[in-house]
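J.: Sharing a structure, written as C-alpha cells. Questions coming.
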Amino acid sequence: MDSISTGLMEAFRLILTLDSDLVEIVLLSLQVTVTAVAIASLIGLPLGAWLVVNRFRFRRLTISVLNALMGLPPVVVGLFVYLMLSRSGPFGVLGLLFTPTAMIIAQVIIVMPLIASISHQTIRDLWAEYHDLLISLNASHAQRIKVLLWDGRRALITAVLAGFGRAIGEVGAIMIVGGNIDHATRVLTTSIALETSKGNFAFAMGLGIILITVAIAVNLAIHTISKTERASTW
Amino acid sequence: MVGGTTILPLELSGVIARVRGKQLLGPIDLTIGATGLTVVMGPNGAGKTTLLRVMHGLRRISGGTVNWAVEDGAARRKQAFVFQSPIMMRRRVIDSIAFPLILHGMDRKSAKIRAEDWAIRVGLGHVLQDWAPMISGGEKQKLAVARALISAPEILFLDEPCANLDGRSTREIEAVLKQAEHAGTRIVMATHNLGQARRLASDVIFVHGGKILEITPADRFFNEAKTPQAKAFVQGDIVE
Ligand SMILES: Nc1ncnc2c1ncn2[C@@H]1O[C@H](COP(=O)(O)OP(=O)(O)OP(=O)(O)O)[C@@H](O)[C@H]1O
Ligand SMILES: [Mg+2]
C-alpha cells in the first residue's frame, strides 16, 4: 500500500516537472503510434470501401482473412516482422530491426486489419443506402469509394481511433522488433514492463498514468463522435 | 433535350424479370417514344417499380432486351431516376442537389449556384443549409426531384414522386415536371394518384400482376378502358 502511494506521488512529480526521460518516451510512443495508424488508415479505409463496392471472386475470402487477421496475437506479428527484418531475413539488408521503423511496421500489420474491417462494416451500411443513387448517377468505382469514405467520415474516425487505442497499448510485438532500447526504441508500454520488473514503480506508474489518460481521451473522443454522428451536423 | 443525338426511343421486347425463379414482370413489349409524359399505373405490387428499374437498367433482366437508340453507357448519362423512397445523402440540402453536377466534373461554385436555383424552384429555398436526412418527408421528395432535374436529363423516371406530399406541394412538383416536359425532358412516372395522372399524363401504361394490360392515350384510358381491371382501377374500385 505504501509503495503505491509513494509511487503515485513520485509519478505526479515526474509528470509535473516534465522529466526528460519520461517526455522522450511519451513522444516516441506517440510518434510511432500516430505514424503507424496514419499508414494503416491510408491502406485500411480505402480497402474497406473497395471491398464493399467491388464484387470479385475472392471477396468473401478476403473479408474473412481480414477478420481473422484482426484477431492475430501481436506477439506472433512481432515474431514474423522480426524474422523478416533480422539480418538473415529477406529484408535484413535494410538494417531496420530494433529501430522505430520496425515498430511502425509491426503496428501497421496489427492495426490495419482492424481499421479495414471496421470501416468495411460501416461503409457496407452506407453503400446499402446509397447504392441505387450512385449506380443511377453512373458513378465510377473510384467515385463510389470517395463518396462513401467522405460521407461516412464520422463513423470512420471511430475506426481510426479504435486502431489508435489498440496500437498505443500494444506491447508484445514492439518489444520483440524494437528491443526496448533506451533512448532509441523505448516506448510507454515497453518501459512500463521494464521498470516494473526492475522494481522502479514510481516511474512505471507515471508512465501508466499517462497511458491511461491517453486511452481514456481516445475513448471519450470515440464516444463523443458516435453521439454527434447520430445528431449529425457536420 | 440537350441537343445532339437522342437516346430515345427506348424499346423493350420480351422483357422478363425474375427473382429466384419467381416471375415479377413480363413478358413486356413496349416503346417509349421521343415525346410525351407517360404515367405507369396499377395497384400495389403490380410491378410499376420493377418496370421503371428495368428501363433504367437498375434491375437485371432474365430475358428479352432493353434497347436505347444509343449505346448503354451513353444512354445512362442522359437519364435520371427519382426513387420511391428518397435517398438522402449525409450532406446539406444544397450539396445534395449539386451532387450529380460535381460528380460529373462541374466546379463546386457553379454547381452550387445551379443547385440553389433548383432548390428555390422546387420550394426548398428555406432549407438550403439544412442537413438533408433531417428535412421532412415531403421536402426529401422535392430534393430528389431537383437533384434529378439538375443535370437536364433527356428522360426522367419518377417512382411515386408525390407520395408524401400535401396538395400544395404536389401542385408545385407537377408544375416543375410540366416545365421540364416543355423544356424537352421525356417523363415516365409511376403513380396511383388518379387525379395526378389525369392532370399530367399524355399516355398511360396500366400494369397488373407484372403484365402490361393497357398502353393507351390518357383520355382513352380514363374514359374507355378496355380491361375490367383498368376499368375498376379508374373507378377507384379494388382491382382483383
Ligand atoms: N427483390 C425482390 N424480391 C422478391 N420479390 C420482389 C422483389 N422486388 C419486387 N418484388 C415483388 O414484385 C412485385 C412487384 O413489385 P413492385 O415494387 O414493382 O410493385 P409496385 O407496382 O411498384 O408496387 P407499389 O405500388 O407498392 O410501389 C411485388 O409482388 C413485390 O413483392
Ligand atoms: Mg413501387
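J.: For B:Pro86, all conditions in the list (1) outside any strand (DSSP E or B); (2) away from ligand 1 (no atom under 16 Å from the Cβ) hold save one; what is the number of the exception?
T.: Single failed check for B:Pro86: (2).
J.: From the set of residues in segment B:57-67 that are within 13 Å of ligand 1 (Cβ to nearest atom) and under 17 Å from the mean Cα position of the chain (by Cα), which is nearest to B:Leu24 (Cα to Cα)?
T.: Ranking the qualifying residues of segment B:57-67, first place goes to B:Arg59.
J.: Of everything in segment A:188-232, what is of a type in the set (Ser, Thr, Tyr) and either more than 18 Å from A:Thr6 (Cβ to Cβ) or within 14 Å of chain B (Cβ to nearest Cβ) (or both)? Give them in sequence order.
T.: Result: A:Thr189, A:Thr190, A:Ser191, A:Ser197, A:Thr213, A:Thr224, A:Ser226, A:Thr228, A:Ser232.
J.: Anything in segment B:38-83 that is assigned to a loop (DSSP other than H, G, I, E, B), in contact (Cβ under 8 Å) with a residue 40 or more places away in the chain and away from every other protein chain (no Cβ under 12 Å)? List them, or say none.
T.: Correct list: B:Gly42, B:Pro43, B:Asn44, B:Ala46, B:Gly47, B:Ile61, B:Ser62, B:Trp68, B:Ala69, B:Val70.
J.: Please verify whether segment A:110-130 includes one or more residues that are closer than 27 Å to B:Val93 by Cα, polar (S, T, N, Q) and buried (at least 17 other Cβ atoms within 10 Å of the Cβ).
T.: Yes, some residue in segment A:110-130 is closer than 27 Å to B:Val93 by Cα, polar (S, T, N, Q) and buried (at least 17 other Cβ atoms within 10 Å of the Cβ).
J.: Right, another one. Can you work out which of the residues in segment B:33-64 that are over 16 Å from B:Gly14 (Cβ atoms) and among the charged types (D, E, K, R) is farthest from ligand 2 (Cβ to nearest atom)?
T.: Looking at residues that are over 16 Å from B:Gly14 (Cβ atoms) and among the charged types (D, E, K, R), I get B:Arg53.
J.: Out of segment A:70-123, which residues are without any contact (Cβ under 8 Å) to a residue 40 or more places away in the chain and at positive phi?
T.: A:Gly95
J.: I'm checking my understanding of the structure. Among residues of segment B:96-106 that are in contact with a helix residue (DSSP H, G or I) (Cβ under 9 Å, 6 or more places away or on another chain) and free of Cβ contacts under 8 Å to residues at least 24 places away in the same chain, which one is nearest to the other protein chains (Cβ to nearest Cβ)?
T.: B:Leu103
J.: Give A:Thr158, A:Thr101 a once-over and let me know the one that is away from chain B (no Cβ under 14 Å) and farther than 25 Å from A:Thr62 by Cα.
T.: A:Thr101
J.: In addition: Checking the condition touching a strand residue (DSSP E or B) at 6+ places or on another chain (Cβ under 7 Å) and farther than 16 Å from B:Gln84 by Cα, which residue from B:Pro161, B:Pro153 passes?
T.: Of the residues listed, the single one that is touching a strand residue (DSSP E or B) at 6+ places or on another chain (Cβ under 7 Å) and farther than 16 Å from B:Gln84 by Cα is B:Pro153.
J.: Please specify each residue of segment B:93-123 satisfying the condition of being outside any helix (DSSP H, G or I) and modelled with pLDDT of 95 or more.
T.: Listed by number, the residues that qualify are B:Met106, B:Asp107.
J.: Right, something else. Restricting attention to segment B:117-139, which residues are surrounded by fewer than 17 Cβ atoms within 10 Å (Cβ to Cβ) and either more than 14 Å from every other protein chain (Cβ to nearest Cβ) or closer than 24 Å to B:Arg186 by Cβ (or both)?
T.: Once the filter is applied, which keeps residues that are surrounded by fewer than 17 Cβ atoms within 10 Å (Cβ to Cβ) and either more than 14 Å from every other protein chain (Cβ to nearest Cβ) or closer than 24 Å to B:Arg186 by Cβ (or both), segment B:117-139 yields B:Asp117, B:Ile120, B:Gly125, B:His126, B:Leu128, B:Ser136, B:Gly137.
J.: Do any residues in segment A:163-179 that are among the acidic types (Asp, Glu) have Cβ atoms under 9 Å from those of residues that are part of a helix (DSSP H, G or I), where the two are at least six apart or on different chains, and which pairs are they?
T.: A:Glu170/A:Thr33; A:Glu170/A:Pro74; A:Glu170/A:Ala106; A:Glu170/A:Gln107; A:Glu170/A:Ile110; A:Glu170/A:Val111; A:Glu170/A:Thr189
The values are calculated or read from the model by the stated rules, or taken from the named source; none is laboratory data. Please read all numbers here as calculations on a predicted model, not as lab measurements. Glycine also receives a Cβ, built like all others from the backbone with ideal geometry; neighbour counts cover every protein chain displayed.
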